Amino acid sequence: MRAVGEEDVSALAGLLISMRLRESWLRDPELTSDDESPFYALAARRARDPDTVLLVAYGDGQPVGFYCGQVRGQVGRGIDLYVRPPARRRGVGRLLVSAALAEYRARGADRLVGSLPGDEGCHAFWASIWTEHPSRLVSTRSTPGMEWRTRSLAREAREGREGEASGPPHRGQGQPAGQSNP
Ligand SMILES: CC(C)(COP(=O)(O)OP(=O)(O)OC[C@H]1O[C@@H](n2cnc3c(N)ncnc32)[C@H](O)[C@@H]1OP(=O)(O)O)[C@@H](O)C(=O)NCCC(=O)NCCS
C-alpha cells in the first residue's frame, strides 16, 4: 500500500471505474464503460491535490483498493473507500483506513467527517475500525439511507474515551462527506 503517485493514476482510475459501475450504492444508470475518461481525469486531479489523502493498495501486483480523503484546516473529510470484491475480508480496507488515520493526524486534523450508506457490511467494517482505533463520536446526522458522522481524532479521545466509541450515536450537526469514515 502506498500514497498515490503519478505511476498509480491509471490504477486509481480503474478502481474508481469499478466502484462507480459495480457498486449498487453508487451505480449511475447512465454511465457505461465507454465513459471512462472522466475517471482518469479525476484520478489525476486527486493525485495532484496537496490537500488530498490518497492511498492505493496492491495485491499480487494488481490494484485492489483505495482510500481518498481531504484535509482542510483541522477537519479531515472521508470521500471514498473501495476494495475490489475478490480482495475483501483480507484486511485491505483496515490497512488503508489505519494509514489514512495516521496521515490525517500527521497533517493536524482533529476531526474526521464522513458518511455511511445504509449497508450492513459497511457499518460492520467501521465498527471494527473504531474498535481497533477508539475514537469519540462527536455528532451524527442522518437522511434516509445515509448517515453522516463526525469523529474526534484527538489524542485524549483515543486514550481515554473508549466507552463512548462504542456507545449510541449523539444527534447533532454532521457534515456531508462522501462515502467514507463514519
Ligand atoms: C467496506 C469495505 C471497504 C471493507 O473492505 P475490506 O478490505 O473487505 O475490509 P477488511 O477485510 O479490512 O475488514 C475489516 C473488518 O471489518 C469487518 N467487515 C468488513 N466487511 C464486512 C462485511 N461485509 N460484513 C461484516 N463485517 C465486515 C470485519 O470485522 C472485518 O474483520 P474480519 O474479516 O477479521 O472479521 C469493502 O467491503 C468495500 O469496498 N465495499 C464497497 C464499498 C463501500 O462500502 N465502501 C465504504 C463505504 S462506508
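Here are the numbers for the structure shown:
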| item | result |
| --- | --- |
| Rounded to the nearest 20 debye, dipole of the range 53-165 from Cβ charges on Lys, Arg, Asp, Glu | 200 debye |
| Antiparallel %, DSSP beta bridges [both residues in the range 53-165], to 5 | 90 percent |
| Hydrodynamic radius (Kirkwood) for the range 53-165, which is based on Cα pairs only, to one decimal in Å | 14.5 Å |
| Sequence-distant residues sharing a close amide H with G59 (under 5 Å, placed H) | V64 |
| Cα shape, the range 43-104, gyration tensor, a/c 1.5 rule | prolate |
| From phi via Karplus (6.51, -1.76, 1.60), per-residue ³J(HN,Hα) for the range 73-79 in Hz, x at Gly/Pro | x, 9, 10, x, 10, x, 10 |
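Every number in this text was worked out from the coordinates using simple rules, so none of it is lab data. Note that this is a predicted model, so its numbers are computed, not measured. Heads up, the Cβs are rebuilt from the backbone with ideal geometry, glycines too, and the neighbour counts pull from every protein chain shown.
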